[in-house]
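Visitor: Dropping the structure in here first, questions after.
The values are calculated or read from the model by the stated rules, or taken from the named source; none is laboratory data. Everything quoted here is computed from the prediction, not taken from an experiment. Ideal geometry is used to build each Cβ from the backbone, glycine not excepted, and the neighbour counts take in all protein chains shown. Quick note on the areas: whole protein, heavy atoms, side chains included, nothing else; ligands and nucleic acids left out. Shrake-Rupley method; radii C 1.70, N 1.55, O 1.52, S 1.80 Å.
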Amino acid sequence: MTVRTRFAPSPTGMLHIGGVRTALFSWAHARKNGGKFVLRIEDTDVERSTPESVAAIMDGMHWVNLDYDEGPFYQMQRMDRYKEVLQQMLESGHAYRCYASKEELETMRAEQEARGEKPRYDRRWRPEAGKTLPEPPAGVAPVIRFKTPLDGSVVWDDLVKGRIEISNEELDDLIIARPDGTPTYNFCVVIDDWDMGITQVIRGDDHVNNTPRQINIFLALGAPLPQFAHLPMIHNDQGQKLSKRRDAVSVVDYDRQGFLPEALLNYLARLGWGHGDDEFFTMAQFVEWFDLKNVSPSPSRFDRDKLLWLNAQHMKVADPARLASLAARFLEDKGIDTANGPALASVVTLLRDRVQTLVELAEQAEYFYRPLDPTAEVVEKHLTPDDEARLEFFAEGVARLEVWDQPTLSQFIKDFVKAQGVKMPQVGMPLRAKVCGTTSTPSVDAVLALLGREEVLKRLAA
């Protein structure tokens with residue numbers, strides 16, 4: 001049997017990083033087993049689903065480069081199929097129409113709570129042998145409820161959490177279609193997974209309570225059961241469930257903060273899954289190593305410092321031309337035209353070992369394209385009258401160099417320091433402050449070489 005997994009987000013907001021990890025594990029399981037990865041948009045919540053959220057999901061999937069083999073499929077485009085199955089279930093007796101009003105249900109719930117019972121629908125409209133149902137009230141549009149088995153248990157061997165058993169006595173006759181005929185989530189999911197031949201349902205463990213309801217519907221339809229794997233939740237550094245109010249939870253947030261998509265995926269892969277002590281790896285390695293049996297059932301804690309470290313490692317090995325194209329956006333946001341300066345790929349190569357994000361890279365690259373004003377503290381410490389006088393001598397000497405490259409500049413600086421009878425910082429720090437506007441730069445000879453003779457002399461003369 002061909003392995004078929006799916007990622008099925010609801011378009012009611014941004015693409016959550018918890019969702020990205022679910023997509024990542026589903027994608028990796030399919031890729032590892034030579035299967036198919038399906039993208040499905042579960043948009044039956046008409047009030048909350050928006051085109052903007054659909055676009056955010058698609059953009060997020062594109063950014064993290066999780067390629068899907070089929071889809072995207074939209075549930076709202078499958079209404080005819082859902083209604084066909086609903087009618088079959090009504091005719092087979094696995095579903096029934098319920099005319100209980102909202103007020104009746106609220107009264108029922110209040111009375112049950114007053115008796116100390118678990119609130120649930122009392123099945124008053126459920127047809128049973130020997131039971132006489134009242135006449136349907138005029139003008140009332142019914143819901144359709146699934147006829148949940150009254151005894152027995154639902155049991156499945158979860159690929160992450162192990163064996164799970166839930167008594168049918170704990171389950172209600174859930175609503176599978178609203179009064180307007182729109183099918184509900186738990187019903188649509190089953191029909192979709194059945195029609196799409198999904199073999200492994202990999203999702204967050206907040207869906208564990210939905211699983212017995214869905215399994216009962218699968219069984220009622222005589223449909224093949226997929227395997228289920230429920231992934232642990234991701235908590236923040238305080239041990240709380242990630243919240244968009246407190247935490248950066250959208251992939252868009254991490255894009256804006258200058259993270260590389262492969263670094264974010266690398267980090268998310270390590271939240272709940274591991275391969276020995278390996279921390280830094282490519283997606284190709286992840287697919288090769290991935291196995292659901294190595295996923296921990298315990299919640300994971302998001303560690304931003306670890307993510308920053310991983311991003312730095314990925315930046316060090318990324319293609320400089322690609323990094324330059326990514327960093328250019330952040331420089332443009334600062335109003336910087338990189339055409340007026342050295343090749344950005346060369347600047348990236350010089351700076352990338354010193355930064356953790358593309359935002360930091362853009363910040364440190366700024367002085368290559370426009371001189372910065374040193375702070376008063378830097379001026380006071382490194383641009384004293386003596387420093388300025390020494391830099392004038394330096395400018396006169398460096399202007400006469402026949403070759404302008406890093407080795408030549410390195411030797412010139414060493415000779416100049418020796419001739420001045422000072423230590424290297426007494427030349428290097430003022431030189432950085434004067435030319436770059438900051439004392440935090442890579443090797444000063446490399447910086448001068450990249451800036452070029454004309455720009456360096458112009459800044460020294462300023």
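Visitor: Looking at this structure, is residue 406 touching a residue at least 12 places away in the same chain (Cβ under 8 Å) and more than 24 Å from residue 380 (Cα to Cα)?
Guide: Working: touching a residue at least 12 places away in the same chain (Cβ under 8 Å): yes; more than 24 Å from residue 380 (Cα to Cα): yes.
So residue 406 fits the description; yes.
Visitor: Using beta carbons and a limit of 6 Å, which pairs, at least six apart or on different chains, have the first residue in the range 259-285 and part of a helix (DSSP H, G or I) and the second one among the basic types (Lys, Arg) and open to solvent by less than 70 Å² (accessible area, probe 1.4 Å)?
Guide: Taking only residues 6 or more apart or on different chains, the pairs are 268/21.
Visitor: Now a separate question. Name the single residue, out of those in the range 169-184 being in a loop (DSSP other than H, G, I, E, B) and not aliphatic (A, V, I, L, M), that is most open to solvent (accessible area, probe 1.4 Å). Please lay out each step first, then the result.
Guide: Just the residues of the range 169-184 that are in a loop (DSSP other than H, G, I, E, B), to begin with: 171-174, 178-182, 184.
Among the residues that remain, those that are also not aliphatic (A, V, I, L, M) are: 172-173, 178-182, 184.
Details: 172: 41, 173: 0, 178: 85, 179: 77, 180: 115, 181: 25, 182: 25, 184: 20 Å².
Checked the range 169-184; the qualifying residue most open to solvent (accessible area, probe 1.4 Å) is 180.
Visitor: Determine if the range 209-219 includes at least one residue that is over 19 Å from the mean Cα position of the chain (by Cα), of a type in the set (Lys, Arg) and part of a loop (DSSP other than H, G, I, E, B). Please lay out each step first, then the result.
Guide: We begin by selecting, within the range 209-219, every residue over 19 Å from the mean Cα position of the chain (by Cα); these are 209-219.
Now restrict to residues that are of a type in the set (Lys, Arg): 213.
Of the ones still in play, those that are also part of a loop (DSSP other than H, G, I, E, B) are none.
No - not one qualifying residue is present in the range 209-219.
Visitor: Let me ask you something else. Exactly one of these conditions fails for residue 359: (1) modelled with pLDDT of 95 or more; (2) in contact with a Leu (Cβ under 8 Å, 6 or more places away or on another chain); (3) closer than 20 Å to residue 441 by Cα. Give me its number.
Guide: (2)
Visitor: Same structure again: For residue 189, indicate whether it is assigned to a helix (DSSP H, G or I) and of a type in the set (A, V, I, L, M).
Guide: Yes, satisfied.
Visitor: Let me ask you something else. Of all residues being part of a helix (DSSP H, G or I) and touching a residue at least 40 places away in the same chain (Cβ under 8 Å) in the range 29-43, which is least open to solvent (accessible area, probe 1.4 Å)? Just the residue, please. So that I can check it myself, show each step before the final result.
Guide: Step one: of the range 29-43, the residues part of a helix (DSSP H, G or I) are 29-32.
Checking which are touching a residue at least 40 places away in the same chain (Cβ under 8 Å) leaves us with 29, 31-32.
On the way: 29: 28, 31: 64, 32: 87 Å².
So the residue we want is 29.
Visitor: Of the conditions (1) in contact (Cβ under 8 Å) with a residue 40 or more places away in the chain; (2) open to solvent by 20 Å² or more (accessible area, probe 1.4 Å); (3) outside the structural domain of residue 269 (by the TED database), residue 355 clears all except one; give me its number.
Guide: Here residue 355 meets the rest and fails (2).
Each row is one residue, and each column tells you yes or no for (1) of a type outside the set (Gly, Ala, Ser); (2) in the same structural domain as residue 20 (by the TED database); (3) touching a strand residue (DSSP E or B) at 6+ places or on another chain (Cβ under 9 Å).
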residue	(1), (2), (3)
116	no, no, no
135	yes, no, no
143	yes, no, yes
196	yes, yes, yes
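Visitor: Let me ask you something else. Would you check if there is a residue in the range 427-447 being open to solvent by 70 Å² or more (accessible area, probe 1.4 Å), out of contact with any strand residue (DSSP E or B) (no Cβ under 7 Å at 6 or more places or on another chain), within 21 Å of residue 353 (Cβ to Cβ) and not assigned by the TED database to the domain that holds residue 353?
Guide: no
Visitor: It is to be established whether one or more residues within the range 148-168 are open to solvent by 50 Å² or more (accessible area, probe 1.4 Å), basic (Lys, Arg) and at pLDDT 95 or above.
Guide: Yes, that holds for at least one residue.
Visitor: How many of the residues making up the range 128-151 are within 19 Å of residue 219 (Cβ to Cβ) and without any contact (Cβ under 8 Å) to a residue 40 or more places away in the chain? Please lay out each step first, then the result.
Guide: Taking the range 128-151 first, the residues within 19 Å of residue 219 (Cβ to Cβ) are 144-151.
Next, only the ones that are without any contact (Cβ under 8 Å) to a residue 40 or more places away in the chain stay: 150-151.
The qualifying residues number 2.
Visitor: Could you list all residues from the range 50-66 that are open to solvent by 30 Å² or more (accessible area, probe 1.4 Å) and in contact with a helix residue (DSSP H, G or I) (Cβ under 8 Å, 6 or more places away or on another chain)?
Guide: 59, 63, 65, listed by residue number.
Visitor: Taking the stated definitions as given, is residue 403 β-branched (Val, Ile, Thr), surrounded by fewer than 13 Cβ atoms within 10 Å (Cβ to Cβ) and outside the structural domain of residue 341 (by the TED database)?
Guide: Details: β-branched (Val, Ile, Thr): yes; surrounded by fewer than 13 Cβ atoms within 10 Å (Cβ to Cβ): yes; outside the structural domain of residue 341 (by the TED database): yes.
Considered against the rule, which asks whether it is β-branched (Val, Ile, Thr), surrounded by fewer than 13 Cβ atoms within 10 Å (Cβ to Cβ) and outside the structural domain of residue 341 (by the TED database), residue 403 comes out as yes.
Visitor: Are there any pairs with C-beta distances below 8 angstrom linking a residue in the range 53-73 that is of a type in the set (Asp, Glu) to a residue that is crowded, with 19+ Cβ neighbours inside 10 Å and assigned to a helix (DSSP H, G or I), with the two at least 6 apart or on different chains, and if so which?
Guide: 67/27; 69/30
Visitor: Give the residues of the range 290-309 that are open to solvent by less than 30 Å² (accessible area, probe 1.4 Å) and under 14 Å from residue 17 (Cβ atoms), sorted by residue number. I'd like the intermediate steps shown before the answer.
Guide: Going through the range 290-309, the residues open to solvent by less than 30 Å² (accessible area, probe 1.4 Å) turn out to be 290, 292, 295, 300, 302, 307-308.
Result: 300, 302, 307.
Visitor: Among the residues of the range 129-166, write down those that are of a type in the set (Gly, Ala, Ser) and under 22 Å from residue 226 (Cβ atoms). Outline the logic, then answer.
Guide: First, the residues of the range 129-166 that are of a type in the set (Gly, Ala, Ser): 129-130, 138-139, 141, 152-153, 162.
Hits for the range 129-166 are 152, 153, 162.
Visitor: I would also like to ask the following. If we keep just the residues of the range 2-28 that are of a type in the set (Gly, Ala, Ser), part of a helix (DSSP H, G or I) and more than 12 Å from the chain's Cα centre (by Cα), which is farthest from residue 74 (Cα to Cα)?
Guide: Taking the range 2-28 and keeping what is of a type in the set (Gly, Ala, Ser), we get 8, 10, 13, 18-19, 23, 26, 28.
After this cut, where a residue has to be part of a helix (DSSP H, G or I) as well, the list is 18-19, 23, 26, 28.
Narrowing further to those that are more than 12 Å from the chain's Cα centre (by Cα): 26, 28.
Numbers: 26: 19, 28: 23 Å.
So, considering only residues that are of a type in the set (Gly, Ala, Ser), part of a helix (DSSP H, G or I) and more than 12 Å from the chain's Cα centre (by Cα), the one farthest from residue 74 (Cα to Cα) is 28.
Visitor: Within the range 89-100, identify whether any single residue is part of a helix (DSSP H, G or I), touching a strand residue (DSSP E or B) at 6+ places or on another chain (Cβ under 7 Å) and not aliphatic (A, V, I, L, M), and answer yes or no.
Guide: Among the residues of the range 89-100, not one is part of a helix (DSSP H, G or I), touching a strand residue (DSSP E or B) at 6+ places or on another chain (Cβ under 7 Å) and not aliphatic (A, V, I, L, M), which makes the answer no.
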